[in-house]
Amino acid sequence: MDRQHDKYKWIVFASVLFTYLIMASQRTAPGLITDQLMKDFGVTASTIGLLTSVQFLVYMSLQIPMGILADRFGPNFFLIVGAALTGLGTIFYSFSTHEFVLFFSRLLIGIGDATIWVNMVLILAQWFHKKEFVRLIGFAGMTGSLGFLLATVPFATMILLFGWRIIFLAAGFLLCLCGVLLYVVLVTSPRRIFPEEQAAVIEEVQREKTAVLLRRICLNRQAWALFFCHFGVVGGYVGFISSWAVPYGLDMYGMTRSGASQLIMIGLIGALIGAPLTSGIASRLVTIKMPYIVVHITVLLSWLTFLLCKGQPSFFLLIVLFFMIGFGYGASALTFAAVRQSFPLAESGIVSGFANTGGFFSAALLPMIFGYVLDISGRLEDRYFYGLIIPTLFSAIGLIGIICLKEKRWKVENNSP
């Protein structure tokens with residue numbers, strides 16, 4: 001019995017996605033304490049923006065190297081080490097007494113976080129048939145949104161009850177335990193259950209020179225289209241909620257921290273719905289590009305609505321806008337369905353890393369630029385109005401990217417592994 005036909009694959013699926021859930025929560029959880037960090041450490045909005053951007057910059061810069069390493073040596077080791085590093089970084093973050101420690105902690109978290117998506121995609125490719133993979137990639141994207149959801153009201157409530165240091169310390173220990181769990185599930189147990197299989201279980205990768213492979217990918221129009229379409233739909237959402245969504249609710253609507261967290265939760269509910277729904281629609285219509293274009297147009301119109309309302313739409317409209325922007329973020333899993341459609345499996349790691357770099361390049365840029373705009377602008381209302389121009393421009397770039405994607409004829413495969 002091979003692993004793609006064994007029920008053990010669902011244990012792998014659950015373990016990997018649980019780890020992703022906890023790791024994803026640590027991308028945005030620090031946004032809940034932005035104003036507390038500014039007060040406790042005496043830092044400016046620009047510094048907080050830079051602190052957030054450090055994690056995303058590290059994540060972004062490691063996506064292509066991680067894709068190359070995962071393609072060549074397999075994803076298990078890198079995912080296990082990544083979970084442990086994220087846990088250690090979160091523990092250091094909880095003990096920090098100086099802004100330098102904050103930066104170092106987010107650096108470690110960024111390195112660990114950089115391992116998760118590309119390696120998770122390849123692990124699912126090892127354990128599941130192609131048809132199962134297309135369905136499950138939407139659920140993988142939904143898990144990331146669940147992690148963001150965990151970092152809203154539940155995390156905010158626990159911070160209110162126990163203080164932020166204790167909660168981040170507990171999250172760090174949990175991630176270290178996840179690293180141990182992954183080692184058992186991905187390494188030791190498969191050796192016992194499938195003794196006839198070797199560590200390399202994905203298709204053999206042609207050992208092409210790294211420089212040649214990178215040059216070919218960087219000159220590929222499809223790869224750049226995927227880069228920019230992910231740039232537009234991911235960065236505006238992730239970059240905004242990671243640092244500035246809670247302060248936006250506090251400043252512009254006079255909300256409590258818990259109230260602002262509930263507002264952000266609306267966007268995360270949209271993301272939870274968007275991931276599996278858009279993947280299902282794309283599968284049924286036998287096209288990825290057309291539904292993804294609709295998603296990008298919707299996200300762009302949502303950010304434009306913020307600007308038309310001078311940065312302060314009505315509360316009901318605000319809920320709708322956050323839901324739609326979150327829905328668009330959830331639909332970003334289609335980027336990797338397009339990668340699987342456009343490139344051979346042997347190159348899926350590096351191309352997935354390249355596309356993911358686009359999303360987190362914008363996620364790294366937005367907090368820094370947004371914080372700078374808040375520091376130099378005049379009235380509070382003007383600050384957020386000018387800041388919201390940034391995700392609007394990013395989403396326009398994303399729309400151009402998906403329009404430029406050349407969709408290959410999609411052959412529906414029912415039984416092929």
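The values are calculated or read from the model by the stated rules, or taken from the named source; none is laboratory data. As the structure is a prediction and not an experimental result, all values here were calculated from the model. In this analysis, Cβ positions are derived from the backbone assuming ideal geometry, glycine residues included, and neighbour counts consider all displayed protein chains. We work out accessible area using only protein heavy atoms, side chains counted, and drop any ligands, DNA or RNA first. Shrake-Rupley method; radii C 1.70, N 1.55, O 1.52, S 1.80 Å.
What the table shows:
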quantity: Test: residue in segment 256-275 that is touching a Gly at 6+ places or on another chain (Cβ under 8 Å), more than 17 Å from I390 (Cβ to Cβ) and free of Cβ contacts under 8 Å to residues at least 24 places away in the same chain; calculated: yes
quantity: Single condition M66 does not satisfy, out of (1) open to solvent by 40 Å² or more (accessible area, probe 1.4 Å); (2) under 16 Å from the mean Cα position of the chain (by Cα); calculated: (1)
quantity: Unmet criterion (only one of (1) farther than 27 Å from I123 by Cβ; (2) open to solvent by less than 20 Å² (accessible area, probe 1.4 Å); (3) touching a Phe, Trp or Tyr at 6+ places or on another chain (Cβ under 7 Å)) for L37; calculated: (3)
quantity: Filter pass, I68 being closer than 21 Å to C176 by Cα and modelled with pLDDT of 80 or more; calculated: no
quantity: G138 being under 17 Å from the mean Cα position of the chain (by Cα), crowded, with 22+ Cβ neighbours inside 10 Å and more than 21 Å from F56 (Cα to Cα); calculated: yes
quantity: Candidates V54, V81, V12, filtered to the one that is of a type in the set (A, V, I, L, M, F, W, C), within 24 Å of L186 (Cβ to Cβ) and touching a Lys or Arg at 6+ places or on another chain (Cβ under 9 Å); calculated: V12
quantity: Lone qualifier among F240, F323 - being assigned to a helix (DSSP H, G or I), open to solvent by 10 Å² or more (accessible area, probe 1.4 Å) and touching a residue at least 24 places away in the same chain (Cβ under 8 Å); calculated: F323
quantity: All positions within segment 1-28 that are at pLDDT below 80 and in a helix (DSSP H, G or I); calculated: R3, Q4, H5, R27, T28
quantity: Residue in segment 367-378 that is under 17 Å from the mean Cα position of the chain (by Cα), closer than 19 Å to L250 by Cβ and either part of a helix (DSSP H, G or I) or touching a residue at least 40 places away in the same chain (Cβ under 8 Å) (or both) present; calculated: yes
quantity: Of all residues in segment 141-155 being open to solvent by 10 Å² or more (accessible area, probe 1.4 Å) and among the aliphatic types (A, V, I, L, M), the one that is farthest from G274 (Cα to Cα); calculated: V153
quantity: Any hit, segment 76-90, residues being within 30 Å of I281 (Cβ to Cβ) and open to solvent by 10 Å² or more (accessible area, probe 1.4 Å); calculated: no
quantity: Candidates P344, P313, filtered to the one that is surrounded by fewer than 24 Cβ atoms within 10 Å (Cβ to Cβ), out of contact with any helix residue (DSSP H, G or I) (no Cβ under 8 Å at 6 or more places or on another chain) and not aromatic (F, W, Y); calculated: P344
quantity: Residue in segment 123-130 that is open to solvent by 20 Å² or more (accessible area, probe 1.4 Å), touching a residue at least 24 places away in the same chain (Cβ under 8 Å) and among the β-branched types (V, I, T) present; calculated: no
quantity: Condition check for F56: crowded, with 24+ Cβ neighbours inside 10 Å, of a type outside the set (S, T, Y) and either within 14 Å of C176 (Cβ to Cβ) or modelled with pLDDT under 75 (or both); calculated: yes
